[in-house]
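To keep things clear, I will list the structure first and then write my remarks on it.
The values are calculated or read from the model by the stated rules, or taken from the named source; none is laboratory data. On a predicted model such as this, the values are computed, not experimentally measured, just so you know. Here Cβ is always computed from backbone atoms with ideal geometry, including for glycine, and neighbour counts include all displayed protein chains.
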Amino acid sequence: MKYCRPRLQFTGGWLLAILTAITATPVIAETANFGTFNLSANFNPAQGIVQGFTGGSYSLSAISNRDRDQKACIGFADPNPDHIMVLEKDFSHLTIQVNSGGSDTTLTIQGPDQTTIRCGDDTGKNKDASVSDRNWKSGTYRIWVGTFNPGVKRDYTLTVEQQ
């Protein structure tokens, strides 16, 4: 008995459609290294405090070279965001600050539209990063806490405050 292997015939139309859909779909990390937190109107300050640690060799400038105010986006972190912040309403002003005990940290925050980027580096004389900005629209924000040099591990606390 001769074995016959079934022959698959592909018509170009549907195969092309599948390949186009796969390659056109943006890859966005929906999981964060240290979880997701939600903030609603008049949130309790404790809800805006999360912890993590830096590390990684992914250049945050690959997300964007400059933010919406033309500040440089610098530092190194893991390719996945460290935190996902979900704003359940619009906020007129928020401040996001890193406290690593004075290490040289950076912040990159990608807004819900994927194009609004906010970046922060030193805060005054402190080497820890912060971002204080207006017009935070409701939605999902991806937050990376980086270091000035790649691969540096530092524990930190990230604090979000409404103004």
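Residue 142 satisfies every condition listed in (1) within 24 Å of residue 31 (Cβ to Cβ); (2) in a loop (DSSP other than H, G, I, E, B); (3) charged (D, E, K, R) except (2).
Whether any residue in the range 146-155 is modelled with pLDDT of 95 or more, within 15 Å of the chain's Cα centre (by Cα) and at negative phi is what I want to check. Yes, the range 146-155 contains a residue that is modelled with pLDDT of 95 or more, within 15 Å of the chain's Cα centre (by Cα) and at negative phi.
Here residue 61 meets each of (1) polar (S, T, N, Q); (2) under 18 Å from residue 161 (Cα atoms); (3) free of Cβ contacts under 8 Å to residues at least 40 places away in the same chain with one exception, condition (2). Only one of the listed residues (99, 149, 126) is among the polar types (S, T, N, Q), surrounded by fewer than 22 Cβ atoms within 10 Å (Cβ to Cβ) and under 26 Å from residue 40 (Cα atoms). That residue is 99.
Tell me, yes or no, whether the range 130-142 has at least one residue that is surrounded by 14 or more Cβ atoms within 10 Å (Cβ to Cβ), among the acidic types (Asp, Glu), in contact with a Phe, Trp or Tyr (Cβ under 6 Å, 6 or more places away or on another chain) and touching a residue at least 24 places away in the same chain (Cβ under 8 Å). Within the range 130-142, none of the residues are surrounded by 14 or more Cβ atoms within 10 Å (Cβ to Cβ), among the acidic types (Asp, Glu), in contact with a Phe, Trp or Tyr (Cβ under 6 Å, 6 or more places away or on another chain) and touching a residue at least 24 places away in the same chain (Cβ under 8 Å).
A quick yes/no check of all residues on (1) within 21 Å of residue 36 (Cβ to Cβ); (2) modelled with pLDDT under 95; (3) among the polar types (S, T, N, Q); (4) touching a strand residue (DSSP E or B) at 6+ places or on another chain (Cβ under 8 Å):
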{"position": "49", "(1), (2), (3), (4)": "yes, no, no, yes"}
{"position": "58", "(1), (2), (3), (4)": "yes, no, no, yes"}
{"position": "61", "(1), (2), (3), (4)": "no, no, yes, yes"}
{"position": "98", "(1), (2), (3), (4)": "yes, no, no, yes"}
{"position": "116", "(1), (2), (3), (4)": "yes, no, yes, yes"}
{"position": "139", "(1), (2), (3), (4)": "yes, no, no, yes"}
{"position": "144", "(1), (2), (3), (4)": "yes, no, no, yes"}
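Residue under question is residue 36, and the condition is that it be farther than 19 Å from residue 135 by Cα and at pLDDT below 95; does it hold? The answer is no for residue 36.
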